[in-house]
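What follows is a set of notes on a single structure, which appears directly below.
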Ligand code: TXA
Ligand code: MG
């Protein structure tokens, strides 16, 4: 069983485990991550093993400052601009990888690019202390809902890892936005904690969307799946369904929902993102066969929320 330590006490033990090639669940500002030394192939392999994740998905390498970031990737002026505007924070950049960077090819899945992120929170302190980047996908078994509390990590992965660092609920609640920097162009690979509109405003560059062919677990259709079926943009609640609500007004039949959670009573998208995964887990625990989800607007962080909901609702074939 995993030991759960508060973040105030956990740093020495977390860093010792990372240094020894173990995986440690720890908070970032987005979701809890399952972290391992990104330069140690055996440690990275343990991430895949613990999650049961298919090998071909590349991982994000998390760094603690620009000096570390520049050891692993080439930054052009546009990438630098993004780093200044959004790091540390919930933005991941896919950049050309520096040759002989020392990052395990298991992290990049053999690509010549690398996904880099400088997060906030405990994770950053652990990286600084370790002196090496950590690979950290969300701390959940493959295909399941991402975790935003230590308790949720424990329920999913507690029997498979040694240490969970507890910092309470993560403030952002959805994973980082992933942007590929291609010369002077930007491609949105995954909507997330930084709104696409904010990236466009900070850079003056229009994001290209709808990139296909990547490589992201976040891009597998049935990612983030709860046990229950999820019915999107519901106009009413049917008998026996649970309700994932959004905003002050309820759809018809809401009073007969077997369980209800509201992503944000006031319709605040930031609050809704922070609540998304924990509310899905809680509604799932109600035992309802179907969760009806009220519509969420597509602006700002709504893009990331709707992306996760659509994947959670996608048909599963395994
Ligand atoms: O908020 C987050 O980003 C969380 C926390 C823990 O930091 N981490 C996370 O990592 O979501 P993960 O491994 O679940 O997501 C990695 C994503 C994948 O969707 C993968 O396809 C994409 O990054 N990715 C990684 N390297 C890439 C590359 N070279 N080119 C394109 N996409 C890449
Ligand atoms: Mg994930």
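Somewhere in the stretch 20-28, is a residue at positive phi, modelled with pLDDT under 95 and either surrounded by fewer than 22 Cβ atoms within 10 Å (Cβ to Cβ) or within 16 Å of ligand 2 (Cβ to nearest atom) (or both)?
Of the residues in the stretch 20-28, the ones at positive phi are 21.
Right, trim to modelled with pLDDT under 95 and you get none.
No, the conditions are met nowhere in the stretch 20-28.
Suppose we filter 263, 309, 301 for residues that are at pLDDT 95 or above and under 18 Å from the mean Cα position of the chain (by Cα); which single one remains?
Working: 309 fails: at pLDDT 95 or above; 301 fails: at pLDDT 95 or above.
Of the residues listed, the single one that is at pLDDT 95 or above and under 18 Å from the mean Cα position of the chain (by Cα) is 263.
Conditions tested, residue by residue: (1) closer than 16 Å to residue 237 by Cβ; (2) out of contact with any strand residue (DSSP E or B) (no Cβ under 7 Å at 6 or more places or on another chain); (3) surrounded by fewer than 20 Cβ atoms within 10 Å (Cβ to Cβ).
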position	(1), (2), (3)
258	yes, no, yes
268	no, yes, yes
272	no, yes, no
275	no, yes, no
283	yes, no, no
286	yes, no, yes
291	yes, no, no
295	yes, yes, yes
300	no, yes, yes
Which of the residues spanning the stretch 108-122 are more than 15 Å from ligand 2 (Cβ to nearest atom), in contact (Cβ under 8 Å) with a residue 60 or more places away in the chain and outside any loop (DSSP other than H, G, I, E, B)? 113, 122
Among residues of the stretch 187-210 being part of a strand (DSSP E or B) and within 23 Å of residue 136 (Cα to Cα), the residue farthest from ligand 2 (Cβ to nearest atom) is 187
Can you tell me which residue within the stretch 34-77, out of those that are under 14 Å from residue 92 (Cα atoms) and under 15 Å from the mean Cα position of the chain (by Cα), is surrounded by the most Cβ atoms within 10 Å (Cβ to Cβ)? 61
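Going by the structure shown, is residue 146 surrounded by fewer than 24 Cβ atoms within 10 Å (Cβ to Cβ) and within 11 Å of ligand 1 (Cβ to nearest atom)? Spell out the reasoning first.
Details: surrounded by fewer than 24 Cβ atoms within 10 Å (Cβ to Cβ): no; within 11 Å of ligand 1 (Cβ to nearest atom): yes.
Spelling it out, it is not the case that residue 146 is surrounded by fewer than 24 Cβ atoms within 10 Å (Cβ to Cβ) and within 11 Å of ligand 1 (Cβ to nearest atom).
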Checking the condition modelled with pLDDT under 95, more than 20 Å from residue 194 (Cα to Cα) and within 16 Å of ligand 2 (Cβ to nearest atom), which residue from 141, 104 passes? 141
Would you check if residue 99 is more than 16 Å from ligand 2 (Cβ to nearest atom) and more than 18 Å from residue 18 (Cβ to Cβ)? yes
For the stretch 163-176, does any single residue satisfy the condition of being in contact with a strand residue (DSSP E or B) (Cβ under 9 Å, 6 or more places away or on another chain), closer than 22 Å to residue 299 by Cβ and within 16 Å of ligand 2 (Cβ to nearest atom)? yes
Which of (1) more than 26 Å from residue 269 (Cα to Cα); (2) surrounded by fewer than 24 Cβ atoms within 10 Å (Cβ to Cβ); (3) within 14 Å of ligand 2 (Cβ to nearest atom) does residue 159 not meet, given it meets every other one? (3)
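The values are calculated or read from the model by the stated rules, or taken from the named source; none is laboratory data. Here the structure is a predicted model, which is why all the values come from computation and not from measurement. With ideal geometry, Cβ positions are generated from the backbone for all residues, glycine too; neighbour counts draw on all protein chains shown.
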